[in-house]
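S.K.: Before I ask anything, let me first share the structure, which is written out below as structure tokens.
Laboratory data are not the source of any read-out in this text; all were calculated from the coordinates shown. Please read all numbers here as calculations on a predicted model, not as lab measurements. Cβ sites come from the backbone with ideal geometry, for glycine too, and all protein chains shown count toward neighbours.
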Amino acid sequence: MKVTDEPIIIEQRFNTSIQEVWNALTRLEEMKKWYFKNLDSFNPEIGFQTEFEVQAEDRNFTHIWKITDVIPLKRIKYNWRYNEYPGDSYVTFELTEEKKQVKLRVQTEIVQDFPSQIPQFERDSCLKGWKYLIEKNLKEYLEINPG
């Protein structure tokens with residue numbers, strides 16, 4: 001992903017309460033079920049930072065997240081970097097209620113280029129990853145664990 005790439009935006013609607021979606025996005029026990037199993041700490045407060053490792057093929061990606069904005073039940077934004085590689089980004093999760101549904105909008109914004117020679121940092125790979133996490137994993141999680 002490069003600064004010049006279009007931001008990745010994923011939108012998904014859920015037939016559940018805004019509280020249930022917020023909990024899935026911010027409670028460690030729930031995040032581990034649909035997002036990252038190896039996430040060992042998370043606190044939806046500005047300034048909170050966590051690190052965790054993810055293996056992909058023969059590469060290690062130590063995720064470094066720092067919460068930069070929180071409005072409970074509406075928005076959470078964090079800085080997302082990796083220990084092993086240059087590059088910097090922000091991910092924003094925004095919730096709105098629309099016609100008895102909850103709309104989640106996830107946007108990734110690149111503020112420093114990631115290495116282009118690493119396949120996991122290609123825009124298409126990132127787009128597929130977010131679609132998988134939000135449109136499949138989170139959707140299934142919320143349908144299986146209704147309010």
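S.K.: Taking region 62-80 only, how many residues are out of contact with any strand residue (DSSP E or B) (no Cβ under 7 Å at 6 or more places or on another chain) and either outside any strand (DSSP E or B) or more than 13 Å from Glu45 (Cα to Cα) (or both)?
M.R.: Keep residues of region 62-80 that are out of contact with any strand residue (DSSP E or B) (no Cβ under 7 Å at 6 or more places or on another chain), which gives 71-72.
So of that shortlist, the ones also either outside any strand (DSSP E or B) or more than 13 Å from Glu45 (Cα to Cα) (or both) come out as 72.
Counting residues in region 62-80 that are out of contact with any strand residue (DSSP E or B) (no Cβ under 7 Å at 6 or more places or on another chain) and either outside any strand (DSSP E or B) or more than 13 Å from Glu45 (Cα to Cα) (or both) gives 1.
S.K.: Another question, then. Search region 106-147 for residues being more than 22 Å from Thr4 (Cβ to Cβ) and charged (D, E, K, R), and hand back the single one that is farthest from the chain's Cα centre (by Cα).
M.R.: Only one residue tops the list, namely Glu143.
S.K.: If I filter region 23-42 down to residues being surrounded by 13 or more Cβ atoms within 10 Å (Cβ to Cβ) and without any contact (Cβ under 8 Å) to a residue 40 or more places away in the chain, which single residue comes out as nearest to Gln101 (Cα to Cα)?
M.R.: To start, the set of residues in region 23-42 that are surrounded by 13 or more Cβ atoms within 10 Å (Cβ to Cβ) comprises 23-28, 30-36, 39, 42.
Now drop any that are not without any contact (Cβ under 8 Å) to a residue 40 or more places away in the chain, which leaves 23, 27-28, 31-32, 36, 39, 42.
Values: Asn23: 16, Arg27: 21, Leu28: 24, Met31: 21, Lys32: 24, Phe36: 25, Leu39: 28, Phe42: 26 Å.
Only one residue tops the list, namely Asn23.
S.K.: A further question on this structure: Can you tell me which residue is surrounded by the most Cβ atoms within 10 Å (Cβ to Cβ) among those in region 91-147 that are among the hydroxyl-bearing types (Ser, Thr, Tyr) and farther than 23 Å from Gln55 by Cβ? Quick ask: steps written out before the conclusion?
M.R.: First, pick out the residues of region 91-147 that are among the hydroxyl-bearing types (Ser, Thr, Tyr): 92, 96, 108, 116, 125, 132, 141.
Subset that is farther than 23 Å from Gln55 by Cβ: 92, 96.
Working: Thr92: 17, Thr96: 13.
Per the criteria, the residue is Thr92.
S.K.: Being under 16 Å from Gly129 (Cβ atoms) and outside any helix (DSSP H, G or I) narrows it down to one of Ile46, Ile9, so name that one.
M.R.: Working: Ile46 fails: under 16 Å from Gly129 (Cβ atoms).
Result: Ile9 is the single residue among Ile46, Ile9 that is under 16 Å from Gly129 (Cβ atoms) and outside any helix (DSSP H, G or I).
S.K.: Follow-up. If you scan region 44-53, which residues turn out to be farther than 20 Å from Glu84 by Cβ and surrounded by fewer than 14 Cβ atoms within 10 Å (Cβ to Cβ)? Give the steps one after another, and end with the answer.
M.R.: We begin by selecting, within region 44-53, every residue farther than 20 Å from Glu84 by Cβ; these are 44-48.
Scanning region 44-53 gives Glu45, Ile46, Gly47.
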